[in-house]
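Just below is one structure, and these are the notes that go with it.
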Amino acid sequence: MSEFIGVCAFVLAAALPAAASDDGPEQAPNTWAKVLSEDQLIPQRRRTPPLSQPSAGALRRIGAFVRLTDGPVRGPRYADAIDLSRPRPIAGPPAWERRIPPEQLDERGRP
C-alpha cells in the first residue's frame, strides 16, 4: 500500500479566545493526517453500501503539531490556505499512530 494514500491536511478547530486571556492569545496549530477511506477498510466496506465518493473510514497516523503563525492569533478564527489535492508525507515521528492489521486493509480500495 502506498505510504501517501489518503493523506490530507486539516487545521484543528481549536476554540481560540476572542481576546487575550491571562495566559495571552493562543497560536493556531496545524498537522497532517493519514486517512484511510471506508473502501480501504474491509470491515467497514462490508457494513457500508458503495458510495460514489469514498468517505473517511479511519485515521491511521497524525503528524506532529506545528505552529502556523509566528505570533499570537488575535481573533477567534484563523484561516489557512491548504492544498488538499496533493498528498504529503508525514515528516518525522507521528504524534499518534493506529496499527491496522493487514487482513483488514484492501490495497485496491479507493483512497
Item to complete: Using θ = phi - 60° and the Karplus relation 6.51 cos²θ - 1.76 cosθ + 1.60, list the HN-Hα couplings for the range 99-109 in order, rounded to whole Hz, with x at every Gly or Pro.
Response: 8, 10, x, x, 6, 9, 9, 10, 5, 8, x
Response to the item:
Debye calc, one equal point scatterer per Cα of the range 26-111, no solvent, log10 I(q)/I(0) at q = 0.13, 0.21 1/Å comes to -0.56, -1.04
Worksheet entry | Coarse-grained scattering of the range 28-73 at q = 0.29 Å⁻¹, given as base-10 log I(q)/I(0) from a Debye sum over alpha-carbon atoms | -0.98
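FYI, it's all coordinate maths here, none of it is from the lab. What you see is a predicted model; the values in this text were computed from it and never measured.
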